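Please treat every number below as a calculation from the coordinates, not as lab data. Source: prediction; values computed, not measured. Glycine gets a Cβ as well: all are built from the backbone with ideal geometry, and neighbour counts include every protein chain shown.
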């Protein structure tokens, strides 16, 4: 009998020693959790293992048991911003996370312009790097990964913002966090960067979402193989986005579109991406994105403008979205404009105004609303049009077309924050458009000096 008891005790010791409460890599020291929220935490443990969770920001104790799949999840409450705190998980073993902050958590994603770092070359890089001492801004950079099936973890570590860590992190993500923290009076900011240069939008959304839509599937099938990035739908989503699904976010930032230039269904693809992410998170979080900059694309002289217009259309189709227009800070000979600070600042201003309710005036660019015709004149109305003006006192970017559908350059003037256009070639305008070429640099601005978006009134 004693031998049986001894063997039983040995088995418990062995079981306990092999047990391992663990969590995905983005739950770690130095992380930021969303303030004032019900935050989901999850991980792995031995089946039926009871796990106790405590946080130093309050006296609450949370308990959960791992299921028969050796997984667990729990919801804990977070108070207002603050830290540093300690977060403990106690099962057969103990996991302790230190230097945890409560604040605002944002995920940024896209292709190379979101991935671009100060070390890659940005305007005023030396000074910006040297000034990047923000201990309460934290970075998490996801590695480039693909997977055939959705994953539940990936490697990485949270880092406090220093000149050295900022140097190799998304420049736009950093400038966004810097300006957001300033506007929120020091609230800690967590930025997760999941980006990969050259990728098309389809690799960033679930494969089954594309497969069930014949139009999206047909568009996705047209991409060619590359030695630098994947093209198969869903592969990057599975490995770099799905692991985070459920992590409480304040919102998402997105900068992509160059690799989808020429697609006439990009508005459907991009709207589907936003919808699929929100479904995965079960959260209708804000989604703010950057309209691609003017660039001298080879081939069709207007396919870049087409994509900018597709991006503009998503604002009308998808709620809780915002778009930053950067057609005044691009470089028509460089697909990677180096002036990244205005991009991050404009994204932050969108968030401060639309999400956090801080009134800093107009935070969105002039956006085409409608037009009305009187004789040979077309009056074009815009949203966010207060203080509408031309940067050079006139514009050569407007065009009009009659019933033949042929566009002609138009003379434009501004009256009462509307643009009136005419052309000697068109007796009765039926269509209008603005900045409809790849390299069109904005010349129409509102009083916040935000450039107007490219648009066409054509049904496309």
- Once every Cα of segment 82-171 carries one equal point scatterer and solvent is ignored, give the base-10 log of I(q)/I(0) from the Debye formula at q = 0.21 Å⁻¹, two decimals. -1.16
- Output ordering of 138-149, 183-194 (per-residue mean of other Cβ within 10 Å, highest first) is 183-194, 138-149
- Message: Just to confirm the number: angle between the C-alpha axis of helix 266-281 and the first principal axis of the chain, 0 to 90 degrees, nearest 10?
- Response: 20
- Note on the structure: Simple spin-label estimate for residue 214/residue 415, 7 Å along Cα→Cβ, in nm, reads 4.9
- Query: Please state the relative contact order of segment 402-442 as a whole percent: Cα pairs under 8 Å, 6+ residues apart?
  - Reply: 37
- Query: Could the peptides 126-135, 417-426 be put in order, highest first, of the mean number of other beta-carbon atoms found within 10 Å of their residues?
  - Reply: 417-426, 126-135
- Of all alpha-carbon pairs in segment 317-376, indicate the percentage at a distance above 14 angstrom. 66
- Enter the angle in degrees (range 0 to 90, nearest 10) between the Cα long axis of helix 303-317 and the first principal axis of the Cα atoms of the chain, meaning the one along which they spread out most. 70
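Rounded to the nearest 5, what is the percent of antiparallel bridges among the DSSP beta bridges in the chain?
On the way: 55 of 83 bridges.
Of all bridge pairs located within the chain, approximately 65 percent are antiparallel.
Once you have the Cα-Cα distance between residue 160 and residue 386, take 0.36 nm times their residue separation minus that, and quote the gain in nm to one decimal. The partial results should precede the final answer.
On the way: separation 226, 0.36 × 226 = 81.36 nm, distance 3.98 nm.
Roughly 77.4 nm would be gained on extension.
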- Using alpha-carbon coordinates, inclination of helix 171-183 to the longest axis of the chain, degrees: 90
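Kindly give Rg over Rh for segment 367-456, based on alpha-carbon atoms, with the Kirkwood expression for the hydrodynamic radius. Each step should come with its number before you reach the end.
Working: Rg = 12.1 Å, Rh = 12.9 Å.
In segment 367-456, Rg relative to Rh is 0.94.
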- Task: Highest first, please rank the peptides 159-170, 372-383 by the mean number of other Cβ atoms sitting within 10 Å of their residues.
- Result: 159-170, 372-383
- Message: Modelling each spin label as a point 7 Å along the Cα-to-Cβ direction, I'd like the residue 396/residue 131 distance in nm, to one decimal.
- Response: 3.6
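Please give the calculated 222 nm ellipticity per residue for the chain, where each DSSP H segment of at least 4 residues contributes -39500 (n - 2.57) and the sum is spread over every residue; nearest 500 deg cm²/dmol? Could the numbers behind the result be given before it?
Numbers: 11 runs with 102 residues, N = 460.
After summing the helix terms and dividing by residue count, I get -6500 deg cm²/dmol.
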- Query: Could you give the Stokes-Einstein D for the chain in µm² per second, using the C-alpha Kirkwood radius, 4 °C, 1.567 mPa s?
  - Reply: 54
- Query: Scattering from the C-alpha atoms of segment 102-355 alone, worked out with Debye: what is log10 I(q)/I(0) at q = 0.12, 0.17 1/Å?
  - Reply: -0.65, -1.40
